[in-house]
Each structure stands twice: as C-alpha cells, then as structure tokens.
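Engineer: Shown below is the structure under consideration.
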Amino acid sequence: MKKMAFIFALTIVLTFLWSYTANADTVEKEEPIFIKDGLETEFTDIKPFIIEPGITYVPASCCNKIFNSGFSYEITDETIKLIQKGLEYDTTLTAGVNRNTIFVNNKKTKIDYEPLTIDGEIYIPLSSIAEALGYKVYYNEIIYFDKAASKNVAKDSIQLNYILADVYIWNEDPNSSVDGIRYAVTQHNDSQTNITDIYNRKTSNKEDIFNILNIEKGSLVNLYSLYQTEGYRVPCGYWGELMQNLRDQNYNPILTERWIGDSSSSDMIILGIGENSDPAISSILKSLGEDNLRQNNGEVYRLSYFGTFSGNYVLRINLNSDGTSTVKYVYNLTLSKIDNTNEIQEKTLTKEETQLVTKKFFETDFWNMPLKVHRSGADGMDIIIEAVKNGNYYGIPLDACKRQFF
C-alpha cells in the first residue's frame, strides 16, 4: 500500500507535466444555460448572452429566474435597484445603464462592464453585479458531441448561490483541549471580518449557530477554521461534524481556514500565494519536515499536496552530483493537525529515471508556465509544484487539479 502511494505521487508529477503537451479538441460555443434549484431555467425571447469567456449579460427583467430567494428588484427608466435579504442586514445595489460605477449600500464602487440596453431591455453584467450582492457565481463548461453537426459543442452552465453567512470555529485552549472550542456567526463579508468582532460573538454551544441561521435554507455558508501556527487546534472531527450538521440543515458549507497568528515573511516556506494561504501552507510543510526551496543552492523539485479530506503529503526530488536523484515521500494522514506523526519513504532514482523527470520539466517549459492554472473539479485539495535550479526558484500553485490528472 505504501509503495502504491509513493508511485501514485510520482505519477502526478509526470502526468501533470504531460497534460500540458497535449492539444485540446476544437469546440464551438453555444448559449449558456442557468441552473436554479437543480433545474434548467427557461427563457423566452429575451435571453442571456456571453460577450467573452466569463463575461455574461443577463436581462434585468429575468433576474428572479436566476437569483436565490430573498432577492427582489426594481427598474425605473435606465436605473435598476437590486435587493438581497441578508442574515443581519439587506444589501441594496443600484446601477445605471452605460455607467461603470454602482452603489452598494450607498458605497460607490467601479465595475469593469457596465449595464446596457438592447431593444429597450436592460442587461446587467452577471458576475460583477452578483458578486457585489454577496453571491458566488459558478461556471462549468459542458462539452458534448452534436451528432447532427458532427462536431464538439460547448455550453457554459451557470449557477448562482448566495453566501448567507460566515461561520467560525476555533479553539481558545493553547493545548487544543476540546473544552476550548468556540463558535461564531456573522453575515458574509467579502473583506475579512475583524477578529475582535468574531470573538465578541463567540459561543461554546454549537446549537446557537443554527438558531441564528434559521432563515434562507439552501444558501452557501463559509465555514472558517481559525488557527495559529502552534497549538489552538480544532480536531478534524469537530469541524467535520459541524460541516455535516450544516448540510443536514440544508445549507451548503464551504470549508476554508483562516490563519490568525503572527509571523514574519522569513518564517514562511511558501510566499506569494495569498495572505492567508502562505502561513497556512507553510505551517503544514514545516510539520512535514520541509524547508524553503528559495534557500536551496542545488536542483530540487517538490510537489506538495494538501488534502482537506485525505491528509497531506510531499514528494521531493533532490538531484545528486552523480546524475542520480533521491526521492523523498512524506505523508501525514492526520487531519486534526495535532498529531505530527509522519510516514517517510525514500528511493534513489537511476540516471535514466532522473533524466525522464527533468526532461518532462524541460519539454513543458515549466519555468514559464502561468502561475494560476484553470480550476476544473476535484475540490477538497490544493497542489503546489515548485523547483529550484542554479539559484532560480519557480512555483506553480494549482487551485485544484483537473480530474484527468488521476
């Protein structure tokens, strides 16, 4: 079993690199479809349209067909007012035709694409407006073969989900005792809620969360596990149980983590991924015995896998002076982040095997790859591929891997 896990990790590296050498089939785009409550939304003569990938315009008069419950709108001449009922307060957005500024609860902000009129109908830029109201917009591409036309056809499937609240779970006990677990709920806020405001709402009774959330079932809920670099851990079973409780109450929880400790950039193994991701991932890599590759003078390749539901592992390849390489695989199944017991395997690759790995990095022009790779399924994990050679460092954070990698 351990040998298979080791081979699996090495295969990910090679498969990832190979996937960028393949040519994708040409497909033809069709009109987008919208999904609400599991069903496709039907439009009459007035329909949404796409002006470029990710930029969809929707008829303002059809907003009720795609936005969630608690949503309403008013249209006056060339002005549209959109209102979303919230957990603690409502969000009101006002936009005007051919204006690239909107007002969200009387606060002025700019958008990249302005509303427009076609044949007397107002159309709004979906992503800009929906996200400003507190929604998450999901784009999924559906590709199928049209037998009649003998060609591949692609459609964008779009779904909106209102983010009702941010739910927090953390531990006040530095020794990670379950007696120190606390909870809090706030209305969702795109910018981070001040940690003092979160602490002021704390409760030790999990049921208090559901008493507060007792509206708008089916909405998204961000579930934040707050943590520091050392201690104050929340065992996996507690936030896992809370996540399941939210699902049972017909909410759609999204699990994430928020680092609340203090640390300088010199303590970070990973830099440049994000304000919260850097310390979070660095903390995990430290527990796996890893260091900052930027400080390495040799030639090293490292794949780091962070699995929300399946543990974490690192596959590291150090090139030796004789042309061989040493592969080290470190795995930790523990999800609670309390137990740092790691499984470690090492193997020496021959010159030929080493050349196969480095050849793939060369053939795919790894050092010039885009820093962000398109996300396509396989939620619940993050992958980073890094390399250092001749003092040059390069790292690619993948928000998630494509399913064909596996």
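Engineer: When you scan segment 64-97, how many residues do you find that are closer than 16 Å to residue 130 by Cα and among the hydroxyl-bearing types (Ser, Thr, Tyr)?
Structural biologist: Number of matching residues: 6.
Engineer: Another question, then. Among strands (runs of 3 or more DSSP E) lying entirely in segment 27-135, which contain 3 or more residues that are among the small types (Gly, Ala, Ser) and surrounded by fewer than 19 Cβ atoms within 10 Å (Cβ to Cβ)?
Structural biologist: Those strands (runs of 3 or more DSSP E) do not exist here; none qualify.
Engineer: Let me ask another. Residue under question is residue 209, and the condition is that it be in contact with a His (Cβ under 9 Å, 6 or more places away or on another chain), within 26 Å of residue 68 (Cβ to Cβ) and among the hydrophobic types (A, V, I, L, M, F, W, C); does it hold?
Structural biologist: no
Engineer: I would also like to ask the following. Can you pull out every residue in segment 83-104 that is over 27 Å from the mean Cα position of the chain (by Cα) and not β-branched (Val, Ile, Thr)?
Structural biologist: Hits for segment 83-104 are 95, 96, 98, 99, 100, 103.
Engineer: What tally of residues in segment 290-322 results from selecting those that are assigned to a strand (DSSP E or B) and of a type in the set (Gly, Ala, Ser)?
Structural biologist: Going through segment 290-322 one residue at a time, the tally reaches 3.
Engineer: Continuing with the same structure: Being assigned to a helix (DSSP H, G or I) and hydrophobic (A, V, I, L, M, F, W, C), is that true of even one residue in segment 167-184?
Structural biologist: yes
Engineer: Here is a follow-up. Between 304, 376, which is within 30 Å of residue 237 (Cα to Cα), surrounded by 13 or more Cβ atoms within 10 Å (Cβ to Cβ), modelled with pLDDT under 85 and under 27 Å from the mean Cα position of the chain (by Cα)?
Structural biologist: The unique qualifying residue is 376.
The values are calculated or read from the model by the stated rules, or taken from the named source; none is laboratory data. If you're wondering where the values come from, they're calculated on a predicted model, not measured in any experiment. Because the Cβ atoms are built from the backbone with ideal geometry, glycine has one as well, and the counts that use them run over all protein chains shown.
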